[in-house]
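To keep things clear, I will list the structure first and then write my remarks on it.
The values are calculated or read from the model by the stated rules, or taken from the named source; none is laboratory data. In this text the structure is predicted, and so the values were computed from the model without any measurement. No Cβ is skipped: glycine too gets one built from the backbone with ideal geometry, and neighbour counts run over all protein chains shown.
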């Protein structure tokens with residue numbers, strides 16, 4: 001019992017949370033003094049204020065350093081540290097999002113107009129990568145449903161398709177001989193998945209605007225699906241009647257499906273999905289080296305909220 | 001025959017003599033492992049230290065395997081004869097493969113034997129990796145003077161398995177990655193080149209024979 005208690009309230013947990021809160025207060029204070037740009041965290045980050053959400057988890061946050069240096073963003077290279085090294089070249093202002101397809105209000109929206117007057121919320125979500133690791137990230141964003149309400153999907157729309165920016169001049173892996181994927185990176189959701197309250201378009205994390213390596217200036221976050229579904233640096237949102245193509249299922253249909261819900265029961269030919277490694281959970285050093293894997297939950301632990309979306313579906317077939 | 005006897009001579013010297021260069025090779029060869037373990041326990045391996053350590057050890061195994069395979073072609077192409085360092089390179093490859101496997105089983109999988117067995121059966125890249133390691137075991141065990149003498153001509157036959165181990169190791173690396181990044185392809189190309197060279201060398205026209213038929 002004693003052991004259990006000590007794992008429930010680890011000192012690192014308390015420190016992390018409070019340090020994080022103080023950091024935000026400090027950021028706001030600094031911004032008020034007009035010296036935000038002088039802070040080292042990331043040169044372009046701007047503080048964002050957001051309301052807390054009951055949909056957030058209270059699990060220990062993955063340290064900011066890990067969230068911003070361990071990334072899969074293949075437009076900037078295939079190594080985990082490539083995005084943090086290379087993404088600084090990305091121009092995120094101005095940023096247009098093309099909205100088209102089966103919507104009543106198609107347009108090239110300026111990013112600010114697309115999310116204007118929708119309240120920013122902080123959503124602390126688990127993020128599970130198909131490669132068998134996970135993080136806990138305090139996103140800031142808006143419900144995708146609110147944006148969809150703004151652009152008004154037509155009755156025939158059944159899916160939402162997303163596209164990432166293609167700009168070889170600023171995205172080094174989009175030029176040259178060895179390009180890991182065909183561009184643009186594309187993703188998609190069923191309309192009811194897109195409308196689900198857990199699904200957000202994130203514009204920030206850890207109290208600031210999104211770092212470029214994390215998909216600035218706007219990205220999708222769908223916490224019950226493997227990370228690659230949460231497409232980064234979105235420039236196009238289309239409503240469609242047909243199931244949209246998605247990059248990883250195009251690249252390897254046997255390994256990646258359209259749904260890609262986190263599912264420990266569906267084995268992947270490369271990685272066991274039964275367990276995961278929580279990045280940065282044990283404070284580094286020997287702890288990090290010998291950190292134990294822990295069980296992966298169906299729908300990444302969001303089953304209570306989302307399992308009903310898939311009633312009657314064989315999730316081994318629709319993986 | 002002369003080639004074989006020279007090889008035998010230098011290999012037995014490996015056991016008897018204390019070559020300072022070879023000793024230095026073993027010590028520097030183990031440096032990457034020591035450095036990675038040091039970085040690991042001092043939190044210098046980034047966000048996912050287990051994965052970085054595991055990959056680095058595997059990569060060094062492959063590098064030493066390739067180096068050991070390059071010794072003979074180097075000599076045949078007129079380069080220096082480094083045959084007396086071949087065993088050290090081969091054994092270093094085996095040591096790194098062992099550390100790589102240990103890291104996977106102990107640190108990555110936490111000795112969860114069910115998960116490890118499931119991995120070996122279900123995940124082709126792990127099946128292939130285990131094959132590479134399994135093949136290296138008898139080669140490492142027989143890499144000493146007494147075993148060489150005991151096996152005689154069979155030793156060379158047995159040690160041709162190193163080609164299989166190298167091919168499997170390179171394939172293991174390619175199968176592990178999600179897309180086609182350059183690095184595993186370069187290693188696979190090196191292994192392929194070294195194996196193809198051996199085929200080409202064994203099929204080369206021999207001048208003596210040609211004069212005989214003329």
Would you confirm, using the coordinates I've provided, whether residue A:86 is within 30 Å of residue B:181 (Cβ to Cβ) and within 14 Å of chain B (Cβ to nearest Cβ)?
no
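Answer yes or no as to whether residue A:288 is crowded, with 20+ Cβ neighbours inside 10 Å, within 13 Å of chain B (Cβ to nearest Cβ), touching a helix residue (DSSP H, G or I) at 6+ places or on another chain (Cβ under 8 Å) and touching a residue at least 60 places away in the same chain (Cβ under 8 Å).
no
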Expected output for region B:30-43 (first residue on the phi > 0 side of the Ramachandran plot, partner buried (at least 17 other Cβ atoms within 10 Å of the Cβ) and in a loop (DSSP other than H, G, I, E, B), Cβ below 7 Å, 6+ apart or cross-chain) is B:43/A:284
Checklist line | Residue check for residue B:84: away from every other protein chain (no Cβ under 14 Å), under 18 Å from the mean Cα position of the chain (by Cα), modelled with pLDDT under 95 and part of a helix (DSSP H, G or I) | finding: yes
Within region A:260-273, the residues that are crowded, with 18+ Cβ neighbours inside 10 Å and either at the interface with another protein chain (Cβ under 7 Å from one of its Cβ atoms) or modelled with pLDDT of 95 or more (or both) are A:260, A:261, A:262, A:263, A:270, A:272
Checking B:16, B:57, B:69 in turn, the sole residue that is touching a helix residue (DSSP H, G or I) at 6+ places or on another chain (Cβ under 8 Å), modelled with pLDDT of 95 or more and more than 30 Å from residue A:71 (Cα to Cα) turns out to be B:69
Among (1) within 14 Å of chain A (Cβ to nearest Cβ); (2) farther than 30 Å from residue A:81 by Cα, residue B:79 falls short only on (1)
### Query
Based on what the data block shows, is residue A:204 closer than 18 Å to residue A:48 by Cα and either touching a helix residue (DSSP H, G or I) at 6+ places or on another chain (Cβ under 8 Å) or buried (at least 21 other Cβ atoms within 10 Å of the Cβ) (or both)?
yes
Residue hits (region A:53-82; part of a loop (DSSP other than H, G, I, E, B), over 26 Å from residue A:168 (Cα atoms) and within 11 Å of chain B (Cβ to nearest Cβ)) are A:62, A:63
Just one listed residue, out of B:34, B:47, B:56, B:61, is within 30 Å of residue A:282 (Cβ to Cβ), within 14 Å of chain A (Cβ to nearest Cβ) and in a helix (DSSP H, G or I), and it is B:56
Discussion item. Within region A:247-268, does at least one residue satisfy the condition of being within 24 Å of residue B:49 (Cα to Cα) and in contact with a strand residue (DSSP E or B) (Cβ under 6 Å, 6 or more places away or on another chain)?
Written reply: yes
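Checking the condition buried (at least 21 other Cβ atoms within 10 Å of the Cβ) and either touching a helix residue (DSSP H, G or I) at 6+ places or on another chain (Cβ under 9 Å) or at pLDDT 90 or above (or both), which residue from B:46, B:40 passes?
On the way: B:46 fails: buried (at least 21 other Cβ atoms within 10 Å of the Cβ).
Every option except B:40 fails the conditions.
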